[in-house]
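The values are calculated or read from the model by the stated rules, or taken from the named source; none is laboratory data. Please read these numbers as outputs of a predicted model, since none were measured by experiment. Cβ atoms come from the backbone with ideal geometry, glycine included; neighbour counts cover every protein chain shown. Note: accessible area is taken over every heavy atom of the protein model, side chains too, but ligands, DNA and RNA are not part of it. Shrake-Rupley method; radii C 1.70, N 1.55, O 1.52, S 1.80 Å.
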Amino acid sequence: MPEAFTNQSSAVRRKLVDILDGDNDGPGKLQEIADALHELISHYNWVGFYLALPGTRTLVLGPFAGEPTEHTHIEYGRGICGQAAETRSTFVVKDVSKEDNYLSCSIKVKSEIVVPIFREGTVVGEIDIDSHRRDAFTEADTVFLEELARTAEQLIPIDFP
Ligand code: SME
């Protein structure tokens, strides 16, 4: 994918290409992507995939990198993740302390971005990234992560769970 992820460093692009070309299955690749982004992008302090449990309007925590979170199941509408699933749109929160409908994972987290993953128009999951820096996410992060979401769609099992 030579034209992909062009707003990222060559190290990130190379790593993503290696993962996507690798032998792991879909969920294994999602884990590798979470680990790689967490390691290589300094303002990505927690990187996780939530998967939509079909027919339940609930998100379930999938592969992630960073500290464990108590929020393993999130109903549509609750928190940033639930709002992104409900409204089917990317959420960027510059300062989580100013957000009423927010589920805190750690007091260290200052800003967050959540990007829905669609399959044939249905939300099948999300990419969720937390940063310890206030206002850490720019338009470049949105472009990158929406592009990544289009790729990640193919990695979520059709028959999940
Ligand atoms: N902060 C999220 C919950 C998930 S954690 O960030 C890992 C939310 O408000 O939905």
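Key figures
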item: Filter pass, TYR102 being outside any strand (DSSP E or B), under 15 Å from LEU145 (Cβ atoms), touching a Gly at 6+ places or on another chain (Cβ under 9 Å) and not acidic (Asp, Glu); result: no
item: Residues of region 71-101 classified as near the ligand (Cβ under 9 Å from one of its atoms) and not basic (Lys, Arg), total; result: 13
item: Residue within region 27-37 that is open to solvent by less than 60 Å² (accessible area, probe 1.4 Å), touching a residue at least 60 places away in the same chain (Cβ under 8 Å) and in a strand (DSSP E or B) present; result: no
item: Failed condition for GLU120, given (1) within 15 Å of the ligand (Cβ to nearest atom); (2) loosely packed, with under 12 Cβ neighbours inside 10 Å; (3) at pLDDT below 95; (4) of a type outside the set (Ser, Thr, Tyr); result: (1)
item: Search result, residues across region 61-70 that are within 9 Å of the ligand (Cβ to nearest atom), in contact with a helix residue (DSSP H, G or I) (Cβ under 7 Å, 6 or more places away or on another chain) and part of a strand (DSSP E or B); result: PHE64
item: Subset tally (residues that are over 13 Å from VAL115 (Cα atoms) and touching a residue at least 12 places away in the same chain (Cβ under 8 Å)) for region 40-51; result: 6
item: Every pair of residues 6+ apart whose Cβ atoms lie under 8 Å, when the first sits in region 146-160 and is in contact (Cβ under 8 Å) with a residue 40 or more places away in the chain while the second is charged (D, E, K, R) and surrounded by 12 or more Cβ atoms within 10 Å (Cβ to Cβ); result: LEU155/LYS29; ILE156/ARG119
item: Residue list for region 152-161, filter: touching a Phe, Trp or Tyr at 6+ places or on another chain (Cβ under 9 Å) and assigned to a helix (DSSP H, G or I); result: ALA152, GLU153, LEU155
